[in-house]
Structure formats: C-alpha cells, structure tokens
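Comments concern the structure below.
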Amino acid sequence: MVLLVLLWMGVIAAVVVALTSGSAERLMRRRLDGISVLQDEVAAFEESELSQPFAQRTILPFLEKFGDRLGDSADKMRGGQIAEMLEQAGYPWGMSVTQFLGLKLAFVVVFLGIAVVGGPFVVYALGKVPALATMVAKLRLLMTASFFMLPMVGFIFPNMVLGRLIKGRHKRMKKSLPDTVDLLVLSMEAGMGFDGAVGEAVKAIKGPLSDEFARVLAEVAHGKGRSLAFRALASRTKMAELSLLVAAIDQAEKMGVGLASALRAQAAELRERRMMETRERAAKLPVKMMFPLVLFIFPALFVVILGPAVVQMKELMDQGVF
C-alpha cells in the first residue's frame, strides 16, 4: 500500500514537473518573442525617424518647445487665423500652430539680437565716413532706434511667407482644377460612381488639389456625409472656384440632376474664368514692362546711339570748330 502511494505521488510529481517545465518554456519563448517584436518596432521607429528630413527631426521639436512658452496665447491662437492660414497652406513641413508660433518668437529673438548688436555698429561705421559724419551725428539716436523695428519685422515675416505659400498653393490648385473636373466627367460617363471618379482623379493628377480630394474621400469613408465633406473642403481652402464646384455638386444632388452634365458645365466655366484671368494678366504686361524699360533698356540704348555722337562732338570742340 505504501509502495502504491509512493508510486502514485511520483507519477503526480512527474506530471507536474512536465507541465511546469513546458509552461515555463512557453512563457520564456513568449517573452523572447515579445522582446524581438519590441526590438523590431524600435528599429522600424528609428528608421522612420531617420528617414524624415533634418528640419522635422531637429528644428520642429525645438520650435514646439519654444511655442509652448507662450502658454495661454498659444491656446487662444490654435483656433484662430493662424490655424486657418496653416490649413490653407496645407500645413507646410508638417508644422503645427504651436510650432509656427515658436517660429515667430524665434524670429523676434534673432532680429532683436541683430538690432542690439548690429544697430550701434552700423551707426558707428557710418559715422566714420566723412561725407556722412554730419548727418549721422544729427540722426544718431533716430537711426539707432530704427533698428529696434526689426523685431516687429521678425514677428510679421513668417506670416508673409505663409501668405506666399497659400497663394502658390491656390495657384497650383486653380491650374489643375479644370483638368480634374474633366477627368471626373469622363470617369462618370464611363460608368463609374462619383466617389470612384474622385478616386481615379486622385490617382491620376498629383498636387494639392488631389490631396484635398483624397482627404474628402477619407472623411466620407469614415462616415461623414459627402455634402458635408465637400463643404468642409470649400471652407478650409477658401477658393471661389472650389466653392462654385461644391455648390454645383450639392445642387445637382438635391435636384436630382446628373452630376456629369453639371460638372461638364462647371469645367467649361472654370476654363472661361482661367482664360479671362490670363487676358487680364496679359493686359497688365505693358505697364509692368515700363519700369525695366525706363530703368535698364532705354539708358543702354541712349549710350549705344548717342555715344558716338558725343565723342564726335567732343573732338570737334577740341579742334575749335564750336
């Protein structure tokens, strides 16, 4: 009986050891697999970080911390005009509102340093010029104070650059809009639905307009209404041509008119508008050409035409003819 009990306990112990050893091995293997997966994720993250441009890896985080110093002002401006301008510009370099505010603050600090260091030095250097010494002595205080306007210039300069980026992006979108609408019409006449036609336009035509249409498709795929998505497109781009296109799409859907015919009429109107803008720019060319003609071309022509006559006149005067 005792032998049977001991034998039974030995069998149970062997089973327990076998089970625990197997579970320990599986647990260890699971942990090792988790570590390898974590290492792969870390390596992929490092590779993605290193593949980004230098500015996004170094400058943008610095501007983020710099912009956070504004505190409540940054929170108020996140939903204001700067946020709208960044959205219209397509968030250049992936810059957020806080980073843009940090950029403005950095420009103010840099331009203030230039004013403090460079202003007195420039005034001192101009004072050493004999022809300017009297004027500099009289206006020394005014000239020195004028350099302290540079921080204001530094605060406004990023907004000016952002405005130029918005104009350039709008120009590219206007240029590709008629071709995009034509492609939508052709795709719909070939039997595709409107969403599919927009997807084909996104694939075929690259640029800021296709990026905006891709965003609209993503919003529709996530459950947002098509009309609401296109209205949001017109709201964030603030382009008259896109607003007219969105209004035409919305009206065609509400009235049951074929989208293809509505878009065809819209494409013709867009091309006519672009032709009128081209004619308007061509009409302004003579006025714009007047300044380089007067400042650069006419003086050169006068030198070439009247130069020999001036030389002959001088020779005659030396000979005593006049």
Amide hydrogen neighbours beyond the local backbone of K238, cut-off 5 Å, H modeled: none
Listed residue pairs exceeding 18 Å between alpha carbons, taken from K171/K206; K171/K238; K104/K171; K174/K288; K174/K254: K104/K171; K174/K288; K174/K254
Rounded to whole Hz, the Karplus (6.51, -1.76, 1.60) HN-Hα couplings of the range 150-155, x for glycine and proline: 4, x, 5, 4, x, 6
Ascending count of other beta-carbon atoms within 10 Å, so fewest first, for T278, T180: T278, T180
Dipole of the range 168-277, positive end: most advanced residue of A252, A265, M173 [Cβ charges, Cα centre]: M173
Reciprocal mean inverse distance between Cα atoms of the range 242-303 - Kirkwood radius, Å: 15.0
For the range 301-314, Karplus couplings with θ = phi - 60° (6.51, -1.76, 1.60), whole Hz, Gly/Pro x: 5, 4, 5, 5, 7, 8, x, x, 5, 5, 5, 5, 4, 5
Whole-Hz couplings from phi, Karplus 6.51/-1.76/1.60, listed for the range 172-181; x for Gly and Pro: 5, 5, 4, 5, 8, 5, x, 5, 5, 5
Viscosity 1.002 mPa s, temperature 20 °C, Stokes-Einstein D of the range 164-322 from Kirkwood C-alpha radius, µm²/s: 110
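The numbers here are math on the coordinates, done by the rules we state, and not lab data. All values derive from a computational prediction rather than experimental measurement. All Cβ positions, glycine included, derive from the backbone under ideal geometry; neighbour counts span all protein chains shown.
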